[in-house]
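Scroll down for the structure; my scribbles are underneath it.
The values are calculated or read from the model by the stated rules, or taken from the named source; none is laboratory data. Quantities reported herein were computed from a predicted structural model and do not represent experimental measurements. Cβ sites come from the backbone with ideal geometry, for glycine too, and all protein chains shown count toward neighbours. Protein only, heavy atoms only, side chains kept; ligands, DNA and RNA dropped before computing areas. Shrake-Rupley method; radii C 1.70, N 1.55, O 1.52, S 1.80 Å.
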Amino acid sequence: MTARIVVLTGAGVSAESGIRTFRAADGLWEEHRIEDVATPEGFRADPALVHRFYNERRRQLVGGTVEPNAAHLALARLEQQHPGGTMIVTQNIDDLHERAGSRNLIHMHGELLRMRCVACDHLSERLTDSSVADACAECGGALRPHVVWFGEMPLDLDTIYDALEACAVFVAIGTSGNVYPAAGFAAVAAQVGAHTIELNLEPSEVASTFAETRYGPATELVPRWVEEVLA
Ligand code: OAD
């Protein structure tokens, strides 16, 4: 079924679960140089550093300290109960949407709990720390986090644009609008006549491209909006 509601999520949807966002004053990019830990060049220069960076993030997910919050749960309920169909496109590499129960889900920036072979692209699940010593089970090649870095193409863009061009409602939740192509999705959906909504703590960089905006914490805004849609 074509998804009539497309939901884009960013770091803000997981913030209240205890996962840091990128661009806040205490955000992840305040402490790390993006070039060092989130680019192919950074990985080539110091792969051990990049493995350590993502190991720290992965331990949060696997250690059980982080749980889906009311926003993730409301979106899963929307998918289960909205007859028109719902697709979530997340920029997040955590697994909180799937743990909440979402199934029609695209991880456009990859997944922290998977590794990818640099030689043959084989994907493998990874719940423990990774290191430069790890090798692909298929071909013996080196493994990298299955995360889209700056300068790389996001995943599944064809499927995402097909959904945007067919949707009736596009909602962006907890994303700052700094990173394209995701920051341009509202404009694409608006072009085909979809109603566009921004749900965020504060106006994003692309707030003016939305027809409707609501500001506050995701755990309050998202359950309320889902209630309205399902009413
Ligand atoms: P950012 O850190 O850029 O933005 C997070 C947004 O969430 C901000 O606009 C906050 O105001 C908002 N926010 C924070 N707490 C919130 C809450 N409790 N409820 C609602 N909103 C809240 O994160 P993203 O927009 O996801 O890419 O960043 C996009 C991409 O940039 C990431 O996927 C990552 C990063 O570099 C890659 O690593 C490829």
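Just to check your reading of the model, which residue among Ala163, Ala172, Ala168, Ala190 is crowded, with 20+ Cβ neighbours inside 10 Å, more than 10 Å from the ligand (Cβ to nearest atom) and either farther than 27 Å from Glu56 by Cβ or among the polar types (S, T, N, Q) (or both)?
Sole residue among the options that is crowded, with 20+ Cβ neighbours inside 10 Å, more than 10 Å from the ligand (Cβ to nearest atom) and either farther than 27 Å from Glu56 by Cβ or among the polar types (S, T, N, Q) (or both): Ala163.
How many of the residues in region 80-112 are in a strand (DSSP E or B) and open to solvent by less than 30 Å² (accessible area, probe 1.4 Å)?
Adding up the residues that qualify gives 9.
Could you list, in sequence order, all residues of region 62-98 that are more than 16 Å from the ligand (Cβ to nearest atom), farther than 26 Å from Pro181 by Cα and touching a residue at least 24 places away in the same chain (Cβ under 8 Å)?
Val62, Thr65, Arg77, Gln81, His82
Which residue out of Glu138, Glu152 is surrounded by fewer than 16 Cβ atoms within 10 Å (Cβ to Cβ) and in contact with a strand residue (DSSP E or B) (Cβ under 8 Å, 6 or more places away or on another chain)?
Glu138
Please give the number of the condition Val229 fails out of (1) away from the ligand (no atom under 13 Å from the Cβ); (2) open to solvent by 70 Å² or more (accessible area, probe 1.4 Å).
Against the list (1) away from the ligand (no atom under 13 Å from the Cβ); (2) open to solvent by 70 Å² or more (accessible area, probe 1.4 Å), Val229 comes up short only on (2).
Considering Glu35, Glu56, Glu67, which residue is in contact with a Ser or Thr (Cβ under 7 Å, 6 or more places away or on another chain) and surrounded by fewer than 16 Cβ atoms within 10 Å (Cβ to Cβ)?
Glu67
Quick check on region 120-135. Is at least one of its residues open to solvent by 60 Å² or more (accessible area, probe 1.4 Å), β-branched (Val, Ile, Thr) and out of contact with any helix residue (DSSP H, G or I) (no Cβ under 8 Å at 6 or more places or on another chain)?
No, the conditions are met nowhere in region 120-135.
Would you check which residues across region 59-93 are within 19 Å of Ile160 (Cβ to Cβ) and modelled with pLDDT of 95 or more and list them?
Leu75, Leu78, Glu79, Thr86, Met87, Ile88, Val89, Thr90, Gln91, Asn92, Ile93
For region 112-151, how many residues are at negative phi and free of Cβ contacts under 8 Å to residues at least 40 places away in the same chain?
21
Quick grid of which residues meet (1) touching a strand residue (DSSP E or B) at 6+ places or on another chain (Cβ under 7 Å); (2) in contact (Cβ under 8 Å) with a residue 60 or more places away in the chain:
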| position | (1), (2) |
| --- | --- |
| Ile160 | yes, yes |
| Ala166 | no, yes |
| Gly174 | yes, yes |
| Phe185 | yes, yes |
| Ile197 | yes, no |
| Leu201 | yes, yes |
| Gly216 | no, no |
| Pro223 | no, yes |
| Ala231 | no, no |
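If you take the residues in region 15-54 that are more than 9 Å from the ligand (Cβ to nearest atom) and among the polar types (S, T, N, Q), which one is nearest to the chain's Cα centre (by Cα)?
Ser17
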